[in-house]
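Heads up: the structure comes next, in structure tokens.
Derivation of every value follows stated rules applied to the coordinates shown; laboratory data play no part. Values in this document were obtained by computation on a predicted structure and should not be read as measured data. Here Cβ is always computed from backbone atoms with ideal geometry, including for glycine, and neighbour counts include all displayed protein chains.
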């Protein structure tokens, strides 16, 4: 009995020693490295903000226009809007029909405020016939803007300055008078974009009663 117990103990001890030797040879189990995947969320680039209309970037404006006769040229000349055409074979020496060459104007403006524009205007008109008349005026003007947006401007204005009425008669005589020039613009309209625009304007005084043109803002 004692011998069998001793034999069992020896076997257990031998088994334990063998297991320890195997463990020391194999070594601790190595863990395989784990791959970490980092998902980066791409942030979309911000859309450029829309730049609003800023009237300060285009304060100045220059325009040229042409239109119907002014009240001044009609009043100080003898045109009165009615052209005399003599009957065929008539020996009348009355004035023949006249040709109106247009009421031309060049305007300059500068916006000191969104609603207030200061500027100057040069106007020229000519009636050509047996007699020729020229009406010239140079005025300083103030415009009050009701609507001032990127594509449309609506305004009214007043202007004062100096004018000249010159008449060349068929007899060769030349007559000229200086007159005060004044003008009222009940309604003016600019339409287009920030730089190039069309012009429609009504006037009472030294400028064309109705004119159209084109302008530019540098």
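Taking 22 Å as R0, compute the FRET efficiency from the Cβ-Cβ separation of residue 158 and residue 195 and round it to 0.05.
Details: r = 27 Å, r/R0 = 1.21.
With a Förster radius of 22 Å, E is 0.25.
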Taking a point 7 angstrom from the Cα of residue 57 along the C-beta vector, which residues in segment 119-162 have backbone N less than 13 Å away?
150-151
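By per-residue mean of other Cβ atoms within 10 Å, what is the highest-first order of 123-130, 171-178, 159-166, 107-114? Walk me through the numbers on the way to the answer.
Values: 123-130: 19.8, 171-178: 9.2, 159-166: 17.6, 107-114: 16.1.
Order by mean packing, descending: 123-130, 159-166, 107-114, 171-178.
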Round to the nearest 0.05 the FRET efficiency obtained for residue 150 and residue 179 when R0 = 41 Å and r is the Cβ-Cβ distance.
0.55
